[in-house]
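Report on the following structure.
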Amino acid sequence: MYREIPTRTIEARTRFWAKIDKRSPDDCWPWTGCRRDGYGLFLLGRTTYSAHRIAFLESTGIQPQHLCVCHTCDMPLCCNPKHLFLGTNADNMRDRNKKGRQAKGEKLHTARLTEENVIKISQAQKAYFHGQDVALAGEYGVASNAIRAIRTGEHWAHLESVKAVSSMRVSKPQLTEQQVVKIKNDLKTFRRGQGKILAEKYNTTLKAIYRIRQGVTWSHIHV
Ligand SMILES: [Zn+2]
């Protein structure tokens, strides 16, 4: 069983990312801090947590909870969020079998989604923003309705981790002061339905927008 990773202060987050050797975007990013059984370890409070699990939470906002955070690169020390995905043991096994078969000659030019990609897409989609379907479609070389079908659970719902992720809560990243200034400027011309648009635009919750508007939060910022 895994422990829930607690909230990290800005200092802890800075300390965390400083221990990762961040190379180019597609390379493995090895953990340079202490380790156990081949995996990176990070101390938060009095407890240590797996570094790659924190990297996953930091980049997606998803608490991995009881699921394992797996590596597409088979490098336990790697903390590159692009190489991490949430999986159940069942998904893991299936994925491994598939990789074995691929080695025997899958046609490289067919733009089909692999189960591994579907899991990654469903996790990216959890913090859905406008236009993301098209962006991901471009990234994976498929039609945007294939991406939408994953988001809405029309396709691939048989994968345990796609199902698990769709029922998880996601904590949106904290707004920065700069974003709040922009939001306040946008709010000057408030109209019905704008809250939802702004929430999507700034990747935050509708509630956060209302609280800014009512001066419950960020009241010290004047624009
Ligand atoms: Zn890697």
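List of remarks:
- Total formal charge among the other residues, if their Cβ is under 13 angstrom from that of W29, Lys/Arg +1 and Asp/Glu -1: 0
- In plain terms, the residue of I10, I150 with the fewest other Cβ atoms within 10 Å comes first and the most crowded comes last, giving I10, I150.
- Flagged links, alpha-carbon separation over 24 Å, of K22/K184; K82/K184; K19/K207; K120/K201; K184/K207: K22/K184; K82/K184; K19/K207
- Global geometry of the stretch 1-91, whether rounded, prolate or oblate, following the gyration tensor of its Cα atoms and the 1.5 cut on a/c: rounded
- Likely footprinting exposure, S161, S144, fewest C-beta neighbours within 10 Å first: S144, S161
- Cut-off 11 Å between beta-carbons: net charge of the residues surrounding H83, Lys and Arg +1, Asp and Glu -1: -2
- Placed amide H near L44: partners under 5 Å, 5+ positions off or other chain: Y49
- This ranking places D37, D74, D27 by how few other beta-carbon atoms lie within 10 Å of each, fewest first, which gives D37, D74, D27.
- Distance in nm between pseudo-label sites at C73 and T48 (7 Å out along the Cβ direction from Cα): 2.2 nm
Read-outs throughout are calculated quantities, based only on the coordinates presented, and are distinct from any laboratory measurement. Remember, it's a predicted structure, so these values are computed and weren't measured experimentally. Positions of Cβ are backbone-derived with ideal geometry, glycine not excepted, and every protein chain shown enters the neighbour counts.
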